[in-house]
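Novice: Got a structure for you, questions after.
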Amino acid sequence: MVTTTDLVIGAAYLRCIGCNDEVRKPTAEFACPRCGDRIEVAYRREGAPDAAALRELWRERKTSAKPIDQSGVWRFREALPILAAGSEAVTLREGNTPIYRLARSAKSAGVDELWAKHQGMNPTGSFKDTGMTTALSMAREKGFEWVGCASTGNTSASMAAYAAYAGMRALVLIPEGKIAWGKLSQSLDYAATTVQLRTDFDGCVRVLGEVIGQFPLYLLNSVNPYRLEGQKTTAYEMMEQLGWEPPDHVIVPGGNLGNSSALGKGLREMRAMGLIGRLPKLSIVQAAGANPLVRSMRESGGERLQPVKAETRATAIRIGNPASWKKAVAVLRETGGECLDVTEDEIGVAKAEIGADGVGCEPASAVTLAGLKKLTRSGFVKRGERVVLVLTGHCLKDPEYTMDFHRAEGDASMRKPPVLLDADAAAVIGLLGGMER
Ligand code: F0G
């Protein structure tokens, strides 16, 4: 039996990614007060931890009856010692999500071994829950009554749930008309104050920044570095599920670029702790209509980012001015991953393929498979390499998109529209008899 006190890894502090200084008091928007850059959580570690003992401890906790151990985030708490002693985490038992083998999609992408780490299987149906448990716990520890976010829908659904569970108040700013119904309805059901602004996501971020300057509200967008600490544990869990043997490639969607930054941080820290021996290549896929990082990499090698006016039906990643782009560039450089974009048609087909594997996901998540197909065609991913797609949201988040895809005219290969028949068994049998495999 291993005890936590044997394995304390180090104390957490905040550090600026620009000037590298310790940040004792960030601005309300989590910028460095000196140079204005983004900040991250760093750890003062004393000596190398015992990797084998950590793995054993984290595995043991899966059978514990304690809420904190049942969380797939806090199960790894030695890797994120952010809460003060005596503080309690707010957990809805996030994480511990399945990793599925995708047979059909593998064939279509041209690889032998394809996995989907399904973050849509979290309590509110997206990966946001893994970061919300950490950042909202910090908000409560700091004594805030109000939390707030600007969102394309999943962050707001997650924040609303965790705030309600903790007995706190939540302000949600979302772009009018450009949010999937599943997500909007969650925010209402979890009793957040939900405001639809006549603007896009980037406009919502701007307005929230102004609100925070004048109202005591704790910001829960992914510029909040404690969000990324929770989200990084998905990488830990993925490695654990693969027997601590890193895959060759991990592929993630890119919107505000918090998730790719978080997963990259998790991988980097795991290597430093001796939990894995090498880094997988982490590639980021954007929608062609919302591809500021792709352009930045192409035009300046990631030195500068020009915001774009974003447009895509994958509304989760309809983002033109991503907050964490510098962190994401660092991850691409460190892991040697690619950054690419895919068209609306490619997203639609890829989503239907993941659905036809029995797994399903929301449109933004499907960019990963669409991107993989391009990466195998270009030779960046080889047939014999092991690939993990990070599916970020549940298939039920955006049923309207799915219905429109299957009912649309045109290329029929992946479309499965409902068939309307008279109430007659012979008609049903006739249909089945005429079907091809
Ligand atoms: N996939 C889904 C389903 C998302 O909801 C998001 C982001 C992303 C991918 C992109 O992740 O922003 O970390 O690069 N959704 C945010 C929101 C912005 O407000 O729910 P990212």
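Novice: In the range 141-176, which residues have a backbone nitrogen under 17 Å from the label point lying 7 Å from Ala28's Cα in the Cα-to-Cβ direction?
Specialist: So the set is 142-150, 169-173.
Novice: Whose amide H sits under 5 Å from the amide H of Ile276, counting only residues 5 or more places off or on another chain, with H placed in the peptide plane?
Specialist: Under 5 Å from the amide H of Ile276 lie the amide H atoms of Arg271, each far enough along the sequence or on another chain.
Novice: Next question, about the same structure. Just subtract the alpha-carbon distance of Cys35 and Lys382 from 0.36 nm times their residue separation and send over the number in nm, one decimal.
Specialist: Gain on extension, Cys35 to Lys382, equals 120.7 nm.
Novice: Find how much the distance from Glu56 to Ala412 grows on full extension, using 0.36 nm per residue of separation minus their present alpha carbon separation; answer in nm with one decimal.
Specialist: Gain on stretching Glu56 to Ala412: 123.2 nm.
Novice: If you don't mind, there's one more thing I want to ask. When a/c is below 1.5 the answer is rounded, else prolate if a/b is larger than b/c, else oblate, so apply that to the range 41-92 with a ≥ b ≥ c taken from the square roots of the Cα gyration tensor eigenvalues.
Specialist: oblate
Novice: Past the 28 Å Cα-Cα mark, which pairs from Lys327/Lys374; Lys142/Lys327; Lys25/Lys178; Lys66/Lys281; Lys62/Lys327?
Specialist: Violating the 28 Å Cα-Cα cut-off are Lys25/Lys178; Lys66/Lys281; Lys62/Lys327.
Novice: Also, quick follow-up: DSSP loop chymotrypsin sites (Phe, Trp or Tyr not before Pro) in the range 74-160 with at most 11 other Cβ atoms within 10 Å of their Cβ, which ones?
Specialist: none
Novice: For the chain, find the longest principal axis of its Cα atoms and tell me its angle to the long axis of helix 128-141, 0 to 90°, nearest 10.
Specialist: Helix 128-141 sits roughly 30 degrees off the main axis of the chain.
Novice: Taking H as built 1.01 Å from N, whose amide H comes closer than 5 Å to the amide H of Glu113, not counting residues under 5 places away?
Specialist: Amide H to amide H, under 5 Å and 5 or more residues apart or across chains, Glu113 pairs with Val387.
Novice: Within the chain, what's the longest run with no GluC sites (Glu not before Pro) in a DSSP loop and at most 15 other beta-carbon atoms within 10 Å? Give the range, please.
Specialist: 177-302
Novice: Give me the extension gain from Lys66 to Arg104: residue separation times 0.36 nm, minus the current Cα-Cα distance, reported in nm with one decimal.
Specialist: Separation in residues times 0.36 nm, less the Cα-Cα distance, equals 9.8 nm.
Novice: Sticking with this structure for a sec: On a 0 to 90° scale, report how tilted helix 325-335 is relative to the longest principal axis of the chain, with both axes built from alpha carbons and the result rounded to the nearest 10.
Specialist: On a 0 to 90 degree scale, this one is about 80.
Novice: Related question: How about the range 307-383: which trypsin sites (Lys or Arg not before Pro) there are in a DSSP loop, with at most 12 other Cβ atoms within 10 Å of their Cβ?
Specialist: Lys309, Arg383
Novice: Counting helices only, and only those DSSP H runs with n ≥ 4, report the 222 nm mean residue ellipticity of the chain as the sum of -39,500 (n - 2.57) divided by its residues, in deg cm²/dmol to the nearest 500.
Specialist: Mean residue ellipticity, 222 nm, calculated: -11500 deg cm²/dmol.
Novice: Also, I was wondering about something else. Please state the shape class of the range 69-227: rounded when a/c is under 1.5, otherwise prolate if a/b exceeds b/c and oblate if not, all from the C-alpha gyration tensor.
Specialist: On the way: a/c = 2.19, a/b = 1.27, b/c = 1.72.
Verdict is oblate for the range 69-227.
Novice: Would you work out the relative contact order for the range 319-420, in percent, from Cα pairs under 8 angstrom that are 6 or more residues apart?
Specialist: Numbers: 81 pairs, mean separation 22.7, N = 102.
Taking the mean separation of contacting Cα pairs over the length of the range 319-420, I get 22 percent.
Novice: Measure up Lys232/Lys326; Lys117/Lys397; Lys107/Lys183 against 21 Å on the Cα-Cα distance and list the ones that go over.
Specialist: Result: Lys107/Lys183 exceed 21 Å.
Computed from the coordinates by the stated procedures, all read-outs in this text should not be read as laboratory data. Just so you know, these numbers come straight off a predicted model, no measurement behind them. Here the Cβ is made from the backbone with ideal geometry for all residues, glycine too, and neighbour counts use every protein chain on show.
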